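The values are calculated or read from the model by the stated rules, or taken from the named source; none is laboratory data. Because the structure is a prediction, the values reported are computed rather than measured. Please note: Cβ atoms are built from the backbone with ideal geometry, for glycine as well, and neighbour counts cover all protein chains shown.
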Ligand SMILES: Nc1ncnc2c1ncn2[C@@H]1O[C@H](COP(=O)(O)OP(=O)(O)OP(=O)(O)O)[C@@H](O)[C@H]1O
Ligand SMILES: [Mg+2]
């Protein structure tokens, strides 16, 4: 457990930079809501980085600024001051259109509320990022079906999104987050609306993606189990990061559950399918 | 997002709340319908007039009248008018001022005029068939109108022969058994000889014989609605009408048909010269243009109402889309979060407005055309109330006008969509995602 001080950042950056490049970096990130006497400092100068292929949990009490931070990292919002850099390039100065393009190409999102369009089919919901990217329908559907297959949801492709259970909905959301081959998946309370068994399925899927595809995972959560599965935890309080924990706490939950060799690839469908089916049923319970 | 996807998505979005879209579209349909019917009506009337002009050919003729007869005289104000012994000589039975000999001489003197054919005003008493039946005959068509006349059978009277045409409605005098003139074969009239009775100044009746050579039907300008004599017959009747008293009655003419050398080049100069003398010269085109002008004025009033309807409908679009933007706040937020640019969001909602406009214009135009053509068939068909008007087309297809109408509706719809679309584009993804 390291209590992180601003002075040690450069040192830490040098050390970790050798191992992997930071995909996201922040410098003195400040977010103030409102103006004048009503101004509220939600983030009070955060500097840290997230490395490629890392899984990071942002934890903390309600109102501590977790979602605010995630929105800034995901380029959904602009900081009041400070810098967010993606792949070493500051994005604060970019035009809105370029930022939109970056989000579309590099990020995947999973939200607590599912944000599925009830009028559209599961497949249409999943392929929305590709539609926005301007990819042809046939190609979209091909990718969409692959993503749904990966999440055991292929048979629901033609269903309306409203016809699904909560766990199924979140799997659809993950499929949507996956479809553009993102570098980073942001998940804000991905299991907040799910029962514990279903939560575990969803967590498994997310960490499976992280492990198998090297996708960087940034998870905002209250859930200690979920946070514990992440390689690093940023603990927030009143707009500050007060503590940073590294290493999967106690036992690595992913390793415990997946005894396969480190080189396991998603092509090894049978074992994955069986595992997912089990939890899938659990979710429907 | 591809334009095709934008269009498809916008289309399926408009179909989401069908009732609301339907009601919004209805308002546009009303505007589009009115515009279509109006344009078809004016196209139909104009086509009728053009057909009449085409029948008249390219003769270089001007019809000259007293300006006051056309309501174009100098406005001298109310109250007593100074007396002009030249002009005030004669007026027709309808009080219309006539042309005098001096007027005719003046016209003949104008540059470019090759021939002047004065038209006498003739008011006979009766027409008698070979069977001996007599029918009241107050007015005759003017021979000069011949070229614009719509003939059912036969041909126009020869200039120098004692010939006449009768309107199709007069056929009943030749076949007493028939209930309706439409049941009578107009061919039977051809070659029939009739006698025309006319009183002279001493109130003594005389008769002139004439042969029926054609059967006419009244057209939009009213030409062909009365028997029309040849020039020779008209002159003969005028001779009789002005005889009987031992006084020299100055000739007076209801109008003069003026042949002009190269009408196009000389038209304005001759018209100006005539105007200085208090006369007015009009081509057939000018005469029919008066009818066209009235129709066009009516059309523009209707266009105005239709545009007001469309304006009202545009607020319906604004309202519908604003509601839609509000309802879909989260969806918009999600799309923006997933990387859709504000420009594309604007495009998507504008496209929804355009699609509403497109639906409205397609339905409105189709309904307008269907009603227009049906009404045309029913009204101007053989049994219709306007069936008697020869060569009349009430409703015609005007593709340019239809294209223009559709374009106007789409532009209005797009303009109406800009406000809600801008609202949608301005939405902040964060706020939209937090929105409950
Ligand atoms: N648009 C806003 N205007 C004013 N204050 C805001 C706004 N958005 C967030 N806040 C405030 O900023 C603080 C941090 O909010 P944030 O949503 O980041 O909290 P959180 O850590 O995600 O909490 P939770 O766990 O409940 O989701 C809160 O006190 C919140 O009231
Ligand atoms: Mg939050």
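Those helices (runs of 4 or more DSSP H) of the range A:102-161 in which 2 or more residues are facing chain B (nearest Cβ under 8 Å) and closer than 21 Å to residue A:209 by Cα occupy A:128-133.
Scanning the range A:162-173 for residues that are in contact with a strand residue (DSSP E or B) (Cβ under 9 Å, 6 or more places away or on another chain) and either within 14 Å of chain B (Cβ to nearest Cβ) or surrounded by fewer than 23 Cβ atoms within 10 Å (Cβ to Cβ) (or both) turns up just one, A:173. Any idea which residue in the range A:174-193 is nearest to the other protein chains (Cβ to nearest Cβ), counting only those that are in a loop (DSSP other than H, G, I, E, B) and away from ligand 1 (no atom under 16 Å from the Cβ)? Only one residue tops the list, namely A:180. Residues of the range A:70-85 that are within 16 Å of ligand 2 (Cβ to nearest atom) and over 16 Å from residue A:190 (Cα atoms): A:72, A:73, A:76, A:77. Scanning the range B:21-39 for residues that are away from chain A (no Cβ under 14 Å) and within 20 Å of residue B:322 (Cβ to Cβ) yields a count of 7. For residue A:251, the criteria (1) more than 14 Å from chain B (Cβ to nearest Cβ); (2) away from ligand 1 (no atom under 16 Å from the Cβ); (3) modelled with pLDDT of 85 or more; (4) surrounded by fewer than 20 Cβ atoms within 10 Å (Cβ to Cβ) hold in every case but one, which is (3).
The residues on offer are B:395, B:414, and the sole one that is more than 16 Å from ligand 2 (Cβ to nearest atom), closer than 30 Å to residue A:96 by Cβ and more than 14 Å from chain A (Cβ to nearest Cβ) is B:414.
Please give the strands (runs of 3 or more DSSP E) falling wholly within the range B:88-189 in which 1 or more residues are under 33 Å from the mean Cα position of the chain (by Cα) and not assigned by TED's automatic domain parsing to the domain that holds residue B:239.
B:113-120
Which of the residues belonging to the range A:99-113 are more than 16 Å from ligand 1 (Cβ to nearest atom) and either in contact with a helix residue (DSSP H, G or I) (Cβ under 9 Å, 6 or more places away or on another chain) or under 17 Å from residue A:168 (Cβ atoms) (or both)? Answer for the range A:99-113, where residues must be more than 16 Å from ligand 1 (Cβ to nearest atom) and either in contact with a helix residue (DSSP H, G or I) (Cβ under 9 Å, 6 or more places away or on another chain) or under 17 Å from residue A:168 (Cβ atoms) (or both): A:100, A:101, A:103, A:104, A:105, A:107, A:108. Against the test of being farther than 22 Å from residue B:54 by Cα and touching a strand residue (DSSP E or B) at 6+ places or on another chain (Cβ under 6 Å), the options B:149, B:162 yield a single qualifying residue, B:162. Number of residues in the range B:411-429 that are part of a helix (DSSP H, G or I) and surrounded by fewer than 19 Cβ atoms within 10 Å (Cβ to Cβ) equals 8.
Of the set (1) under 14 Å from the mean Cα position of the chain (by Cα); (2) crowded, with 21+ Cβ neighbours inside 10 Å; (3) within 15 Å of ligand 1 (Cβ to nearest atom); (4) in contact (Cβ under 8 Å) with a residue 40 or more places away in the chain, all apply to residue A:54 but (3). Residues of the range A:39-56 that are more than 16 Å from ligand 2 (Cβ to nearest atom) and assigned to a strand (DSSP E or B): A:41, A:44, A:45, A:47, A:48, A:49, A:50, A:51, A:55. Between B:99, B:4, the distinction of being buried (at least 20 other Cβ atoms within 10 Å of the Cβ) and either modelled with pLDDT of 80 or more or within 14 Å of chain A (Cβ to nearest Cβ) (or both) belongs to B:99 only.
When residue A:64 is tested against (1) within 13 Å of chain B (Cβ to nearest Cβ); (2) within 16 Å of ligand 1 (Cβ to nearest atom), only condition (1) is not met. Residues in the range A:76-101 that are assigned to a helix (DSSP H, G or I) and surrounded by 20 or more Cβ atoms within 10 Å (Cβ to Cβ): A:100 only. Report yes if some residue within the range A:84-95 is within 15 Å of ligand 1 (Cβ to nearest atom) and either within 14 Å of another protein chain (Cβ to nearest Cβ) or at pLDDT 90 or above (or both); otherwise report no. Scanning the range A:84-95, I find no residue that is within 15 Å of ligand 1 (Cβ to nearest atom) and either within 14 Å of another protein chain (Cβ to nearest Cβ) or at pLDDT 90 or above (or both), so the answer is no.
Looking only at residues of the range B:297-332 that are within 14 Å of chain A (Cβ to nearest Cβ) and farther than 13 Å from residue B:419 by Cβ, we find that the one that is farthest from the chain's Cα centre (by Cα) is B:330. The range B:245-338 holds helices (runs of 4 or more DSSP H) entirely within its bounds, and those carrying 3 or more residues that are touching a helix residue (DSSP H, G or I) at 6+ places or on another chain (Cβ under 7 Å) map to B:284-327, B:329-337. The condition (being buried (at least 20 other Cβ atoms within 10 Å of the Cβ), in contact (Cβ under 8 Å) with a residue 24 or more places away in the chain and more than 14 Å from chain A (Cβ to nearest Cβ)) is satisfied by just one residue among B:345, B:354: B:354. Please tell me if residue A:108 is touching a strand residue (DSSP E or B) at 6+ places or on another chain (Cβ under 6 Å) and away from ligand 2 (no atom under 16 Å from the Cβ). Answer is yes for this residue.
Considering the conditions (1) surrounded by 20 or more Cβ atoms within 10 Å (Cβ to Cβ); (2) at pLDDT 90 or above; (3) closer than 19 Å to residue A:206 by Cβ; (4) away from ligand 1 (no atom under 16 Å from the Cβ), residue A:124 is excluded by exactly one of them, (3).
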